Structures are given as structure tokens and as C-alpha cells.
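Undergrad: Dropping the structure in here first, questions after.
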Amino acid sequence: MQHGKAVSLEKFRSLQDKLLLLDFSVSANDGNVITAVLIYLKRTLSKEVLFRELQALGRTEDEALLKYKEHLSIADENKRRDFLKSCLSLPFSPEDLALVQDHYTLLERQIIIEATDRQAERGGKLPTKTMPILNMSLITTLYYCCFYHYSEAKNTFSSPLNVRQTFKISEKQFFVTALAARAELKEWLDVDALFTCRNWLGFTKKKSPLSFQRVVDVLQKNSAPTQVLQDYVALVDDAELRITLAQKHKCHDIVINTYRDLKDRQQLLGYRGKVETGSAEERRIDELLTNQQIRWKN
Amino acid sequence: MAAHLSYGRVNLNILREAARKELREFLDKCAGSKAIVWDEYLTGPFGLIAQYSLLKEHEVEKMFTLKSGRLPAADVKNIIFFVRPRLELMDIIAENIISEDKMHSPRDFHILFVPRRSMLCEQRLKEQGVLASFINIEEYILDLIPYDGDLLSMEYESAFRECYLENDQTSLYHTAKGLMTLQALYGTIPQIYGKGECARHVANMMLRMKREFAGSQNQILPVFDTLLLLDRNVDLLTPLATQLTYEGLIDEVYGITNGYVKLPPEKFAQKKQGEASKDLPTEPKKLQLNSAEELYAEIRDKNFNAVGAALSKKAKIISAAFEERHNAKTVGEIKQFVSQLPHMQAARSSLANHTSIAELIKDITTSEAFFDNLTVEQEFMTGVETDKVNTYIEDSIAQKDPLIKILRLVSMQSVCNNGLKQKVFDYYRREILQTYGYEHILTLNNLEKAGLLKLQSNSRNNYPTIRKTLKLWMEDANEQNPNDISYVYSGYAPLSIRLTQVLARPGWRSIEEVLKMLPGPHFEERQQLPAGLHKKRQQGENRTTLVFFLGGVSYAEIAALRFLSQMEDSGMEYIIATTKLLNGTTWIKSLMDRPEAQTS
């Protein structure tokens with residue numbers, strides 16, 4: 001058959017013979033031969049027997065994933081949700097099962113939030129939205145909740161804290177998302193509150209799972225005013241980095257203070273040229289430069 | 001004849017001519033005026049074999065793209081479909097045939113399957129009731145397509161996926177067939193070396209196919225001394241790394257397809273003297289890239305950091321050449337200068353193009369993002385903290401950087417660590433799925449199956465040993481005047497090429513232990529040559545090795561092999577063949593289950 005000659009497969013009658021024929025043709029690697037054999041088998045074996053034999057060759061976890069993949073072709077969200085639910089009984093590995101479970105839970109939640117919010121929108125309780133969250137990723141959904149439902153109590157579907165808890169979102173991911181969402185809305189007080197935490201002495205301390213450099217990045221992307229940026233640039237530990245950032249974002253006071261702390265006269269002098277003539281910053285620099293108390297290192 | 005194919009040691013024009021001859025024969029078989037209906041996917045590869053002029057010589061008057069509905073009107077006697085053997089295309093063809101107005105303009109139909117006929121497809125046509133309408137149904141065996149004087153590719157995109165994910169060895173069968181065709185034209189290859197499961201299969205098939213044609217002995221004096229078959233999965237690391245050669249970077253950033261690149265038009269707008277550039281072109285600028293372009297041949301394989309200097313040097317040479325017109329005094333000298341003009345103008349235009357391209361690339365390579373990414377890659381390659389969650393990757397996910405960038409990095413970490421610890425593995429998977437969507441479970445699963453992103457097994461991490469023994473990391477790689485193949489990644493020597501290098505000298509016996517650490521068997525086979533065909537090697541004559549990458553190869557690896565060919569005392573010249581020319585991005589994409597959802 002490989003040489004293009006016509007061959008009769010009829011003499012392979014028993015199931016065993018047919019399976020051997022299939023094995024042989026597969027090892028020959030010629031697609032056309034395999035096809036011809038399969039067509040013959042399809043014709044001469046009952047459906048059940050054929051599928052049973054083919055399934056024995058396959059692997060169950062792969063099948064589960066293949067079945068799961070079909071969800072991509074279901075357009076209607078309710079049907080898709082129901083389909084995902086039915087997938088939960090498939091033979092996934094435990095890790096994959098947990099993820100499919102999350103997927104189902106997420107879509108279910110998204111459908112509820114969409115319905116509730118659409119209604120609220122019509123009733124004028126929510127601004128008109130441009131972002132439908134159906135089928136969006138978990139983090140995108142969290143962003144949405146941080147945007148529109150930030151201060152909601154913990155027991156609603158759209159409360160960011162509830163989302164965080166249900167899906168076990170890492171602290172860092174939650175932080176970044178909440179930061180970005182509140183920054184986009186220019187809610188600087190909310191941003192500030194993210195960092196503040198009371199320790200057992202009752203003092204507040206600024207803490208961040210994200211480097212302050214990255215925080216400044218996010219804030220700057222959302223056009224935070226210099227006063228806001230300044231607060232966070234000031235929290236960058238490394239002096240060099242702090243100066244670079246401060247210069248980049250024109251947080252003059254920080255630059256001035258840092259050079260003062262580093263007792264670097266030359267740099268401070270150099271920076272004088274970068275501030276506005278006659279400004280308060282210029283006067284400050286002059287004051288510092290003439291201050292006899294400071295032991296400049298250069 | 002294609003100029004760029006004759007430069008190498010092996011004249012690949014022979015292969016191209018053979019392919020053209022077959023095409024001509026088929027076209028003549030469908031006598032009379034004809035129109036070709038193209039499967040769009042084939043137009044690229046075909047363009048490397050035959051241009052429209054050849055087709056016109058054989059009475060091809062019109063060309064259309066295959067699409068559903070009715071065939072466009074054309075006053076031709078024959079309609080020929082040039083298609084891949086895919087079921088969905090059969091349905092379209094059937095639709096075309098059925099909606100033909102047979103009374104008004106009867107036309108003859110033919111099909112040319114590329115690269116092979118398929119019984120399944122013909123069955124489909126039969127089911128649709130149109131099989132009988134075709135007069136000629138043939139196959140056009142286009143396996144290996146010559147891309148340059150030393151480069152052949154099958155452009156078989158799904159080969160890696162089929163072999164390593166789906167256990168489908170069809171691509172290997174085509175590879176073996178392609179190699180048989182090559183041997184028919186260039187002589188039996190006396191020595192075959194290989195590393196990997198697929199390599200073993202291909203070699204077995206070749207030997208079996210040779211036995212089946214035992215009657216006819218190949219009398220051609222062998223051009224190739226050795227064939228080296230390498231599985232892609234012997235070296236999963238190299239394609240993941242960002243290439244740092246000029247051609248490699250062009251491919252990484254813009255993508256090279258069928259020897260062409262499409263570039264943003266702004267930098268290539270024609271500026272007339274004194275005029276402000278008015279309407280900027282909106283169509284991307286398409287440039288052909290091969291060794292026929294002198295300047296490109298010079299700089300393509302250089303490390304990008306050495307390209308600037310090369311361009312400057314060229315600019316001076318071209319300037320000086322144009323200045324020569326002042327020195328031309330006699331009529332003879334002037335005549336000579338004028339005859340050189342076209343060549344000089346082409347050189348100047350070439351220089352302008354590549355200066356623009358280099359500027360575009362430089363904008364990217366000097367960016368912070370590029371630098372940070374490269375730093376992490378090099379950390380992984382040198383074994384730094386490959387067992388922990390990497391902060392840069394974490395941050396990139398949080399910033400929702402393109403998914404493929406993330407997948408390349410985590411795969412690299414996994415490969416360099418021989419699999420990730422359970423905690424790290426779970427963490428990355430979770431973060432990725434939560435950020436980009438749960439449907440990507442499918443992709444992550446595929447990557448795991450391919451060995452790219454997997455759990456640490458009980459076996460120890462052999463990568464540090466392999467790296468040390470094969471000297472994969474060369475600390476002070478000289479980018480300007482390289483002395484080692486590691487220049488292509490500014491420090492990292494591609495594992496696949498190191499293996500090739502060692503095979504030539506001192507031989508694989510010296511790295512038995514390391515070879516055992518890499519997947520798949522390694523082997524050597526000899527093929528009998530007819531008496532009298534054994535080559536008598538002249539003193540100082542180079543041997544020729546055909547290196548076949550099963551599963552894909554990157555431009556940086558090709559550059560590294562060319563470097564080896566050029567080395568003074570290598571004694572070896574390399575011709576490269578592969579199932580597909582790829583880079584990290586296209587490679588990972590081929591393993592995704594839903595390519596359109598990959599960016600976010």
C-alpha cells in the first residue's frame with residue numbers, strides 16, 4: 001500500500017488481526033496508509049468496540065483537558081458556565097481540577113456581578129461602564145471590583161476583599177491591582193491607606209509588598225500630582241535610587257534633602273541650576289549652602 | 001537561477017531546478033490556458049521556487065486566492081487548485097466546483113496537493129460529490145525548500161508540536177523523504193550521526209527507504225560527507241534565549257517570513273532633496289533578506305553590537321567609491337566608473353536600508369525592558385537562583401507584560417533548573433492563570449508535556465555539569481572579533497552547536513557522559529557507497545556536514561554554524577536544514593492552544 005498499489009484488507013477478519021494491522025500501519029508512519037486502515041476498521045467494527053480500543057490508547061487527563069477546551073467555542077456565558085460545571089467531574093489531575101473549579105466559580109461570579117451592575121447602572125447608581133467583565137481574567141475582574149466596588153462590605157460578590165479571599169490571591173497581586181485601580185481614579189487617600197498599618201504600639205508605619213520604586217511608577221503612569229509622588233519617593237531606601245527617581249519626577253525637596261543628608265555640596269550646587277529661579281527651592285538650597293553648621297564633604 | 005543559492009559549497013540551485021522542472025511538467029500536463037487558485041499558505045514557500053514569470057511561460061494567465069463561494073470569472077481552459085491536504089480546504093474547493101456555471105464556460109479542473117496527496121482529502125471530495133470533476137490529481141513533493149546557499153527549511157510549523165505533544169511522526173516521515181530526495185540529487189551520504197528519539201526514527205526510515213529501492217544504485221559523487229540529525233528537545237534552552245545577532249534580532253522583533261521582513265514604513269520614506277516628506281507611506285516596507293545582498297551577508301551573523309562599526313566602515317568605502325569620479329580622467333576611466341554605478345547605487349541603497357533597520361533595532365536593545373529581560377536570561381543561563389520565584393518575572397506578570405514573554409522566561413528557568421520545585425511551579429502557574437485567564441491551562445499543560453515548564457523530578461539537575469563540560473558560558477565573549485560561537489548570545493554558546501562542534505573535533509566519544517544526560521539515544525550509521533565513489537580527500541580540503549534540526553532552528557544557531565565554517569582550522573563546512581526556522585516567540589506560539597488570546 002505504501003507504494004501506491006491497491007490492496008484488499010478483507011483478509012484481516014478477527015479483531016486481533018485488525019489491531020495488528022493498525023499497529024503495523026502506525027509504525028510505517030505513512031498517513032495515507034493509516035487512513036485507509038482506519039476507514040476499513042470503521043466500516044467493519046462496531047462503534048463501541050472501535051472507541052473502546054482507541055480510548056485504551058489514550059490518556060485520561062489529556063482527554064479531560066481536550067473536553068475542557070471545548071468551552072472556548074461556547075459563546076453564551078450561561079451555557080459556558082454550565083459546561084464548566086459539568087467539566088468538574090472529568091478526570092483532571094488534582095491541581096488542574098482546582099483551577100477549573102476556580103474558572104467556573106469566577107465565571108459564575110462575573111455573571112452575577114454583570115447582572116447586578118447593569119441594573120445599578122440603569123438606576124443611576126453606577127457610572128456607565130465601558131468594561132464588561134465576562135470571561136475576563138481573575139486579576140482583571142479584581143481590578144474592576146477595586147474600581148467600582150472598592151469600599152463594599154466583605155460579604156458581597158463584588159467586594160475586592162471577598163474576591164481576594166475566595167480565589168486566594170497573593171498579597172502582592174492584590175496590592176498592585178488595588179493600587180493601580182485607585183490611582184486611576186486619583187483616589188490618593190485610598191492609595192495612602194493601602195500602605196498604612198498600625199503596629200501593636202499604635203503607631204502607623206508605611207509598609208509595602210511592592211518596592212516603592214514600582215509604586216512610584218504606577219502612580220506616575222496615572223498622572224499623580226508631584227506632592228503625592230513625593231511622599232512615596234521619600235520612602236525609597238537606597239539614596240542613589242531615591243535621587244534618580246526624585247530628579248525624574250521633579251520632587252525637588254527630596255533631592256535637596258538627600259544631598260543635604262549625604263553632605264554633598266557639589267551635587268547640591270549643581271542642582272541649584274535645575275530649579276526655578278526665585279523659587280522656594282532655590283532659597284532653600286541657598287540657605288543650606290550658607291549654613292555653617294553642616295560639615296560638607298566636598 | 002537564484003543568485004543567493006549558488007554561493008555556498010553545495011549548489012542548492014540543483015534542488016531548486018529539480019523542483020521547478022516538476023512544476024513545469026505538471027503545468028504542461030494541464031494543457032492550455034490556466035488559472036491557479038492558491039491556498040494562501042503556499043504562496044510564500046512557492047515564491048522561493050518559482051516566480052510568476054515561470055508560471056506565465058506555461059500559460060498561467062490568472063491567479064486567485066482560494067476562498068468559498070464562486071470562482072471568479074476567467075477566460076481560461078483549466079482551473080488548477082494548489083492546496084495543502086487539509087479537509088477544510090476540500091470543503092471550499094467543493095463549494096467552488098458546485099457553484100460553477102457548467103453550461104456557460106466549461107473549464108477543466110485539476111488539483112495539485114502540496115506536499116503530498118491525501119486519501120482522507122480525496123475521500124472528502126468524493127463525499128461532497130466532486131471528486132469525479134477533476135482530471136489531474138497530483139502531488140507536488142515540496143519538502144526541503146532552499147532559503148539560502150547553505151540553508152534549507154521545510155517550513156513545517158507544527159513539526160515540534162506533532163512530535164513531542166501529539167506523538168505524531170508524520171513530520172519525521174516527510175523529513176526522511178526530503179532527505180531521500182536530497183540524496184538522489186547530491187549523492188548518498190556515507191555517515192549519519194544523530195542524537196534524540198526523532199533523529200533515531202528518521203535515520204531508521206532513511207535506511208529502510210534505501211533498502212526498498214535497493215535495485216538502483218546512486219552513482220552521484222557524494223557532496224555531503226556527514227549528516228547530523230538533532231532533536232530540538234536535546235537543546236530546549238537555546239530557542240528560549242533572546243538572539244543577539246543582527247538577523248536574529250530582526251526575526252525576534254519583526255519576524256522574517258520566507259526570506260522577507262515587513263518593517264514600519266516611516267524610516268524608509270523617500271525624502272526628496274529640499275522637500276518635506278509629505279504623505280508618509282502607510283504600507284509596511286517589505287525587504288528581502290538573503291546573501292545575494294552583499295552588505296547583508298556581511299552583517300547578518302554579527303553580534304548586533306558589532307553592526308554599527310561595520311556600517312560605518314561600509315559608508316566610508318561607498319563614499320570613497322563615489323568620490324572616484326573626480327579621479328576619472330580618461331574616457332576609459334569614466335566609462336569604467338559609469339559601469340560600476342549600478343552596483344554602487346545598489347550598495348548605497350542597501351546601506352541606507354540597513355542603517356534604518358539597525359536604528360530601529362537599537363531603539364529596542366537600548367531600552368530598559370530589553371536590558372532587564374536579558375539580565376534575567378543570563379542569570380538563569382549561569383545558574384543563578386533558578387530554584388526560587390524570580391522577582392522580575394513576578395513583576396512582569398503583575399504588569400501584564402505579553403504572555404509569551406512570561407512563558408519564555410519561566411520555561412527558561414525551568415530548563416536551567418531541570419524542572420521547578422513544586423512551590424515555585426504552582427506559584428507561577430497560579431499567577432499566570434489568574435492574570436491572563438484560566439483557559440491558558442491548556443498551554444501550560446502543553447509546555448509541561450514538551451519538557452519546557454515542568455516539575456522537578458527526583459533526578460538531579462545536570463545542567464550545571466553540562467554547562468561546565470561543554471563550556472556553554474564563556475565569560476568574556478568578544479562581540480566585535482569573536483573567537484567562539486558564544487558571541488551569538490553574548491556569552492552563551494548554543495548547546496546544539498557545541499554538540500555539532502565537538503562531533504567534528506574531537507568526536508562524541510569524549511563527551512559520552514554528557515550525551516547520556518541529554519534526552520534520547522545517540523548513534524552512528526554508515527551507508528554503503530557504490531565502489532569507486534569514495535572520495536579521495538585532498539590535503540586541506542574541507543568536509544561537508546549537513547546538520548538537520550528536527551523541530552526547528554533559530555537564526556543565531558545558524559550564525560554560529562556559519563562561524564564554525566569560517567574558522568581557519570575547522571576543516572568543516574556546514575549546510576543547515578530544519579523543519580522550521582523559528583524564534584522563541586513563534587516556537588512558544590506553536591505550542592499554545594489559542595494563539596489569538598496570547599497577548600493578554
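The values are calculated or read from the model by the stated rules, or taken from the named source; none is laboratory data. Note that the structure is a prediction, hence the values are computed from the model and not measured. Neighbour counts are summed over all protein chains in view; Cβ atoms, including those assigned to glycine, are modelled from backbone coordinates with ideal geometry.
Undergrad: Kindly provide the set of residues from the range B:405-449 that are more than 14 Å from every other protein chain (Cβ to nearest Cβ) and of a type in the set (S, T, N, Q), ordered by number.
TA: Hits for the range B:405-449 are B:SER411, B:GLN413, B:SER414, B:ASN417, B:ASN418.
Undergrad: In the range B:483-490, is there at least one residue being more than 14 Å from every other protein chain (Cβ to nearest Cβ) and over 24 Å from the mean Cα position of the chain (by Cα)? Working first, answer last.
TA: Step one: list which residues in the range B:483-490 are more than 14 Å from every other protein chain (Cβ to nearest Cβ), which gives B:483-490.
So of that shortlist, the ones also over 24 Å from the mean Cα position of the chain (by Cα) come out as B:483.
There is at least one residue in the range B:483-490 that is more than 14 Å from every other protein chain (Cβ to nearest Cβ) and over 24 Å from the mean Cα position of the chain (by Cα).
Undergrad: If you don't mind, another one. Give the residues of the range B:545-600 that are assigned to a strand (DSSP E or B) and modelled with pLDDT under 95, sorted by residue number. Give the steps one after another, and end with the answer.
TA: The initial filter retains those residues of the range B:545-600 that are assigned to a strand (DSSP E or B), namely B:545-550, B:553, B:572-578, B:581.
Answer for the range B:545-600, where residues must be assigned to a strand (DSSP E or B) and modelled with pLDDT under 95: B:MET572, B:GLU573.
Undergrad: If you don't mind, there's one more thing I want to ask. Looking at the structure I just gave you, is A:GLU114 more than 14 Å from chain B (Cβ to nearest Cβ) and within 21 Å of the chain's Cα centre (by Cα)?
TA: Numbers: more than 14 Å from chain B (Cβ to nearest Cβ): yes; within 21 Å of the chain's Cα centre (by Cα): yes.
In short, yes.
Undergrad: While we're on this one: Based on what the data block shows, is B:ILE466 in a helix (DSSP H, G or I) and at pLDDT below 95? Before the answer, list the steps.
TA: Values: in a helix (DSSP H, G or I): yes; at pLDDT below 95: no.
Taking the combined requirement at face value, the residue does not satisfy it.
Undergrad: Considering the range A:234-275 alone, what residues qualify as being under 19 Å from A:GLN220 (Cβ atoms), in a helix (DSSP H, G or I) and aliphatic (A, V, I, L, M)?
TA: Within the range A:234-275, A:LEU241, A:ILE243, A:LEU245, A:ALA246, A:ILE254, A:VAL255 qualify.
Undergrad: Select, from B:THR366, B:THR330, the only residue that is exposed (fewer than 12 other Cβ atoms within 10 Å of the Cβ), of a type in the set (Ser, Thr, Tyr) and within 26 Å of B:GLU252 (Cα to Cα).
TA: The unique qualifying residue is B:THR366.
Undergrad: Also, I was wondering about something else. Can you give me the number of residues within the range A:167-178 that are within 10 Å of chain B (Cβ to nearest Cβ), touching a Leu at 6+ places or on another chain (Cβ under 7 Å) and either of a type outside the set (A, V, I, L, M, F, W, C) or not in a loop (DSSP other than H, G, I, E, B) (or both)?
TA: Going through the range A:167-178, the residues within 10 Å of chain B (Cβ to nearest Cβ) turn out to be A:167-170, A:172-173, A:175-177.
In the following step, the residues that additionally are touching a Leu at 6+ places or on another chain (Cβ under 7 Å) were identified as A:167, A:169, A:172, A:175-177.
Of the ones still in play, those that are also either of a type outside the set (A, V, I, L, M, F, W, C) or not in a loop (DSSP other than H, G, I, E, B) (or both) are A:167, A:172, A:175-177.
Selection size over the range A:167-178: 5.
Undergrad: Could I ask something else about it? I want to confirm something. Restricting to the range B:368-401 and keeping residues that are away from chain A (no Cβ under 14 Å) and in a loop (DSSP other than H, G, I, E, B), which single residue is nearest to A:VAL176 (Cα to Cα)?
TA: The initial filter retains those residues of the range B:368-401 that are away from chain A (no Cβ under 14 Å), namely B:370-371, B:373-388.
From what is left, the residues that are in a loop (DSSP other than H, G, I, E, B) are B:382-388.
Values: B:THR382: 31, B:GLY383: 29, B:VAL384: 27, B:GLU385: 24, B:THR386: 25, B:ASP387: 24, B:LYS388: 21 Å.
Ranking the candidates gives B:LYS388 first.
Undergrad: Could you list, in sequence order, all residues of the range A:185-224 that are aromatic (Phe, Trp, Tyr) and either modelled with pLDDT under 85 or in a loop (DSSP other than H, G, I, E, B) (or both)?
TA: To start, the set of residues in the range A:185-224 that are aromatic (Phe, Trp, Tyr) comprises A:188, A:195, A:200, A:203, A:212.
Those that are aromatic (Phe, Trp, Tyr) and either modelled with pLDDT under 85 or in a loop (DSSP other than H, G, I, E, B) (or both): A:PHE195, A:TRP200, A:PHE203, A:PHE212.
Undergrad: Residues that are within 21 Å of B:ALA504 (Cα to Cα) and in the same structural domain as B:LEU515 (by TED's automatic domain parsing), at least 3 per element: which strands (runs of 3 or more DSSP E) completely within the range B:151-237 meet that? Before the answer, list the steps.
TA: Details: elements: B:151-153, B:191-195, B:226-231.
So the answer is B:191-195, B:226-231.
Undergrad: Please specify each residue of the range B:109-141 satisfying the condition of being closer than 18 Å to B:GLY32 by Cα, more than 14 Å from every other protein chain (Cβ to nearest Cβ) and at pLDDT 90 or above.
TA: First, pick out the residues of the range B:109-141 that are closer than 18 Å to B:GLY32 by Cα: B:109-112, B:133-138.
Retained after the next criterion (residues that are more than 14 Å from every other protein chain (Cβ to nearest Cβ)): B:109-112, B:133-136.
Across the range B:109-141, the qualifying residues are B:PHE109, B:HIS110, B:ILE111, B:LEU112, B:PHE134, B:ILE135, B:ASN136.
Undergrad: A further question on this structure: Can you tell which of B:GLU100, B:GLU25, B:GLU88, B:GLU57 is acidic (Asp, Glu) and in contact with a strand residue (DSSP E or B) (Cβ under 9 Å, 6 or more places away or on another chain)? Before the answer, list the steps.
TA: Details: B:GLU25 fails: in contact with a strand residue (DSSP E or B) (Cβ under 9 Å, 6 or more places away or on another chain); B:GLU88 fails: in contact with a strand residue (DSSP E or B) (Cβ under 9 Å, 6 or more places away or on another chain); B:GLU57 fails: in contact with a strand residue (DSSP E or B) (Cβ under 9 Å, 6 or more places away or on another chain).
Exactly one residue qualifies, and that residue is B:GLU100.
Undergrad: Then there is this: Quick one: which residue in A:ARG118, A:ARG182 is out of contact with any helix residue (DSSP H, G or I) (no Cβ under 9 Å at 6 or more places or on another chain), of a type in the set (Lys, Arg) and part of a helix (DSSP H, G or I)? Full working, then the answer.
TA: On the way: A:ARG182 fails: out of contact with any helix residue (DSSP H, G or I) (no Cβ under 9 Å at 6 or more places or on another chain).
It is A:ARG118.
Undergrad: Just the residues that are at positive phi and touching a helix residue (DSSP H, G or I) at 6+ places or on another chain (Cβ under 8 Å), please, taken from the range B:491-529.
TA: Here is the first cut: in the range B:491-529, the residues at positive phi are B:491, B:507, B:520.
Once the filter is applied, which keeps residues that are at positive phi and touching a helix residue (DSSP H, G or I) at 6+ places or on another chain (Cβ under 8 Å), the range B:491-529 yields B:GLY491, B:GLY520.
Undergrad: One residue is enough: does the range B:488-510 have a residue meeting the conditions free of Cβ contacts under 8 Å to residues at least 40 places away in the same chain and surrounded by 16 or more Cβ atoms within 10 Å (Cβ to Cβ)?
TA: Yes, the range B:488-510 contains at least one residue that is free of Cβ contacts under 8 Å to residues at least 40 places away in the same chain and surrounded by 16 or more Cβ atoms within 10 Å (Cβ to Cβ).
Yes or no, residue by residue, for (1) among the basic types (Lys, Arg); (2) touching a residue at least 12 places away in the same chain (Cβ under 8 Å); (3) outside the structural domain of B:GLN566 (by TED's automatic domain parsing); (4) farther than 26 Å from B:ALA560 by Cα:
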{"position": "B:THR282", "(1), (2), (3), (4)": "no, yes, yes, yes"}
{"position": "B:LYS286", "(1), (2), (3), (4)": "yes, yes, yes, yes"}
{"position": "B:SER291", "(1), (2), (3), (4)": "no, yes, yes, no"}
{"position": "B:ILE299", "(1), (2), (3), (4)": "no, yes, yes, no"}
{"position": "B:GLY308", "(1), (2), (3), (4)": "no, yes, yes, no"}
{"position": "B:GLU323", "(1), (2), (3), (4)": "no, no, yes, yes"}
{"position": "B:ALA346", "(1), (2), (3), (4)": "no, no, yes, yes"}
{"position": "B:GLU359", "(1), (2), (3), (4)": "no, yes, yes, no"}
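Undergrad: Suppose we filter the range A:130-163 for residues that are part of a helix (DSSP H, G or I) and either within 11 Å of chain B (Cβ to nearest Cβ) or touching a Gly at 6+ places or on another chain (Cβ under 8 Å) (or both); how many remain? Write out each step before concluding.
TA: Step one: list which residues in the range A:130-163 are part of a helix (DSSP H, G or I), which gives A:138-148, A:160-163.
If we keep only those that are either within 11 Å of chain B (Cβ to nearest Cβ) or touching a Gly at 6+ places or on another chain (Cβ under 8 Å) (or both) too, we end up with A:138-143, A:163.
Adding up the residues that qualify gives 7.
Undergrad: If I ask for residues that are charged (D, E, K, R) and under 30 Å from B:GLN422 (Cα atoms), which ones from the range A:82-100 would you list?
TA: Of the range A:82-100, the ones charged (D, E, K, R) are A:82, A:85, A:95-96.
Scanning the range A:82-100 gives A:LYS85, A:GLU95, A:ASP96.
Undergrad: Among the listed residues A:THR140, A:THR116, A:THR177, which satisfies the condition of being within 30 Å of A:LYS67 (Cβ to Cβ), surrounded by 15 or more Cβ atoms within 10 Å (Cβ to Cβ) and polar (S, T, N, Q)? If you could, list the steps in order and put the result at the bottom.
TA: Numbers: A:THR116 fails: within 30 Å of A:LYS67 (Cβ to Cβ); A:THR177 fails: within 30 Å of A:LYS67 (Cβ to Cβ).
Of A:THR140, A:THR116, A:THR177, the one residue that is within 30 Å of A:LYS67 (Cβ to Cβ), surrounded by 15 or more Cβ atoms within 10 Å (Cβ to Cβ) and polar (S, T, N, Q) is A:THR140.
Undergrad: Counting only residues that are in a helix (DSSP H, G or I) and more than 10 Å from chain B (Cβ to nearest Cβ), which one in the range A:65-77 is nearest to B:ASN167 (Cα to Cα)? Step through it out loud before you land on a result.
TA: Our first condition is that a residue be in a helix (DSSP H, G or I); within the range A:65-77, this holds for A:65-73, A:77.
Now narrow it down to the ones that are more than 10 Å from chain B (Cβ to nearest Cβ): A:67, A:70, A:73, A:77.
On the way: A:LYS67: 19, A:GLU70: 21, A:SER73: 25, A:GLU77: 34 Å.
Only one residue tops the list, namely A:LYS67.
Undergrad: Can you name the condition, by its number, that A:LYS274 falls short on among (1) closer than 30 Å to B:TYR392 by Cβ; (2) at pLDDT below 85; (3) among the basic types (Lys, Arg)?
TA: (1)
Undergrad: Looking at B:GLU88, B:GLU17 in this structure, which one is of a type in the set (Asp, Glu), within 30 Å of the chain's Cα centre (by Cα) and surrounded by 15 or more Cβ atoms within 10 Å (Cβ to Cβ)? Walk me through how you get there before you give the answer.
TA: Values: B:GLU88 fails: surrounded by 15 or more Cβ atoms within 10 Å (Cβ to Cβ).
Among B:GLU88, B:GLU17, only B:GLU17 is of a type in the set (Asp, Glu), within 30 Å of the chain's Cα centre (by Cα) and surrounded by 15 or more Cβ atoms within 10 Å (Cβ to Cβ).
Undergrad: Based on what the data block shows, is A:THR196 touching a strand residue (DSSP E or B) at 6+ places or on another chain (Cβ under 9 Å), among the β-branched types (Val, Ile, Thr) and surrounded by fewer than 21 Cβ atoms within 10 Å (Cβ to Cβ)?
TA: Details: touching a strand residue (DSSP E or B) at 6+ places or on another chain (Cβ under 9 Å): yes; among the β-branched types (Val, Ile, Thr): yes; surrounded by fewer than 21 Cβ atoms within 10 Å (Cβ to Cβ): yes.
Spelling it out, A:THR196 is indeed touching a strand residue (DSSP E or B) at 6+ places or on another chain (Cβ under 9 Å), among the β-branched types (Val, Ile, Thr) and surrounded by fewer than 21 Cβ atoms within 10 Å (Cβ to Cβ).
Undergrad: Still on this model: Out of the range A:149-165, which residues are at pLDDT below 90 and among the hydrophobic types (A, V, I, L, M, F, W, C)?
TA: Hit for the range A:149-165 is A:ALA153, nothing else.
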